[in-house]
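The values are calculated or read from the model by the stated rules, or taken from the named source; none is laboratory data. Note that the structure is a prediction, hence the values are computed from the model and not measured. Because the Cβ atoms are built from the backbone with ideal geometry, glycine has one as well, and the counts that use them run over all protein chains shown.
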Amino acid sequence: MTAAPTCLSCGAPLTRTLVDLGMQPLANSYVPLGETAPEPRYPLHARVCDACLLVQVDRVVPPEHIFSDYAYFSSFSESWLAHARAYVAMAIARFGLGPKSQVVEIASNDGYLLQYMVAAGVPSLGVEPAANVAETARAKGVPTEVAFFGLETARRLVREGHAADLVIAKNVLAHVPDINDFTAGIAALLKPGGVHTVEFPHLLNLIEHTQFDTIYHEHFSYLSLLAVIAVFARQGLRVFDVEEIPTHGGSLRVFACLQDAPHARTAAVDRVLDKERAAGLDRPEGYAGFEAKVRAVRAGFLDFLAAEKAAGRTVAAYGAAAKGNTFLNYCGVGPDQVAFVVDRNPVKQNTLLPGSRIPVLAPEAIEARRPMSVVILPWNLKAEITAQLAVVRSWGGRFVTAIPRLEID
Ligand SMILES: [Zn+2]
């Protein structure tokens, strides 16, 4: 018998299941056309820590398999760029950033955000683990180091003169395998009065809107404000403000500083904590019943696909992203049910989705093949995608989202 897994942050044994999504391939491992050998599959099992309430997936994937062939470029989403631009304007105004400041972004991707900071004349440094992605950022004029971030990297950056007034981590905290080392690195990198902002999909939305497709192997933890406060406190960071923002179906932007820094705690912190308590997130038994809701989503989608097939209507999908892969593989769907998926990212075109082996094509395939239903896999971008693909209406086609329940319009 294998020992029970232990909590990523506090080390307590993990005995409570949130949802078991079965054996799944890595969600970002796109398959070359013509490849027939099956890809490795690993258990995708989300649990809740009874001691500190951190929701997390079992760490079962060898780390060297996780970040290779990283095919994600942030700049392919227009709404994400607008979000980045607005963030930079907010941060410059609120924290008085200027030519003498230092900003560091962790997992800075292709410079999609720091390009606006650089344009405003604020010294900025990106830290990005993927060399090919970092190169794209440098080509845009964003200084970028290729490194994994943690305490060791943070200490080196401080020695090299990059102690920071602002450390930005958007949508990365949930992805780090060692959340304690990462958070200790943030604390080490901050100047005494410096500010850390971190964004992550809010666990409250995952639970309340059955967003189980945001669970995948590379996404180690699923964060509530109350769990983040505990993780941060263990490393000497204090949360002083929080905003609820719409990205990824509902995220939190948390503002933190060193324990003794002079940033006053706002009422927003208690407001969000009250919501979490009202939803039962402050006690282990509050997480019961989620798995049954997930099974109901799968049943609804499979009924829809069966009806479309019976009527001889082609179903396609939009958006070759991690969340779509978790969803399709949990539902056990293949190319006989969803004929193809389109994506604007040329890196993903002419590959097969991991697991489901559904072909990924350029968006032009929609007009060429005129499917009667287009399933929008990144449901959080529904408005943007429906507008881009308005032509689908011209042949009577419809848009479908499956989460939190099947909707056809
Ligand atoms: Zn724990």
Quiz item: Do any strands (runs of 3 or more DSSP E) entirely within region 1-59 hold 1 or more residues that are surrounded by fewer than 21 Cβ atoms within 10 Å (Cβ to Cβ), and if so, which?
Solution: 16-24, 42-48
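Of everything in region 227-264, what is among the small types (Gly, Ala, Ser) and surrounded by fewer than 20 Cβ atoms within 10 Å (Cβ to Cβ)? Give them in sequence order. Break it down stepwise before answering.
Here is the first cut: in region 227-264, the residues among the small types (Gly, Ala, Ser) are 227, 230, 233, 236, 249-251, 256, 261, 264.
Correct list: Ala230, Ala233, Gly236, Gly250, Ala261, Ala264.
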Quiz item: Does Val269 qualify as being part of a helix (DSSP H, G or I), touching a helix residue (DSSP H, G or I) at 6+ places or on another chain (Cβ under 8 Å) and closer than 16 Å to Thr197 by Cβ?
Solution: yes
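Out of all the residues in region 82-96, is one or more more than 27 Å from Pro262 (Cβ to Cβ) and crowded, with 18+ Cβ neighbours inside 10 Å? Can you show your working first?
As a first pass, look at region 82-96 and keep what is more than 27 Å from Pro262 (Cβ to Cβ): 82-85.
Checking the rest, the ones that are also crowded, with 18+ Cβ neighbours inside 10 Å come to 83-84.
Yes: one or more hits.
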Quiz prompt | Tabulated pairs, region 133-150, first farther than 18 Å from Tyr116 by Cβ and free of Cβ contacts under 8 Å to residues at least 24 places away in the same chain, second in a helix (DSSP H, G or I) and not aliphatic (A, V, I, L, M), C-beta under 7 angstrom, 6+ apart or interchain | solution = Ala147/Thr153
Self-check item: Of the criteria (1) outside any helix (DSSP H, G or I); (2) touching a residue at least 12 places away in the same chain (Cβ under 8 Å); (3) not assigned by TED's automatic domain parsing to the domain that holds Thr210; (4) not aliphatic (A, V, I, L, M), which one Pro262 fails
Solution: (3)
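Considering only region 13-58, how many residues are more than 13 Å from the ligand (Cβ to nearest atom) and of a type in the set (D, E, K, R)? Let's see the steps before the verdict.
So the first thing to find is which residues in region 13-58 are more than 13 Å from the ligand (Cβ to nearest atom), and the list is 17-46, 57-58.
Next, only the ones that are of a type in the set (D, E, K, R) stay: 20, 35, 39, 41, 58.
Final tally of qualifying residues: 5.
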Exercise. Tell me, please, whether a residue that is polar (S, T, N, Q), farther than 30 Å from Glu285 by Cβ and part of a helix (DSSP H, G or I) can be found in region 153-166.
Key: yes
Quiz item: Are any of the residues in region 219-226 out of contact with any His (no Cβ under 9 Å at 6 or more places or on another chain), away from the ligand (no atom under 16 Å from the Cβ) and either in the same structural domain as Leu189 (by TED's automatic domain parsing) or modelled with pLDDT under 95 (or both)?
Solution: no
Quiz item: Within region 182-198, can one find any residue that is closer than 30 Å to Gly280 by Cα, crowded, with 24+ Cβ neighbours inside 10 Å and either touching a Cys at 6+ places or on another chain (Cβ under 9 Å) or at pLDDT below 95 (or both)?
Solution: yes
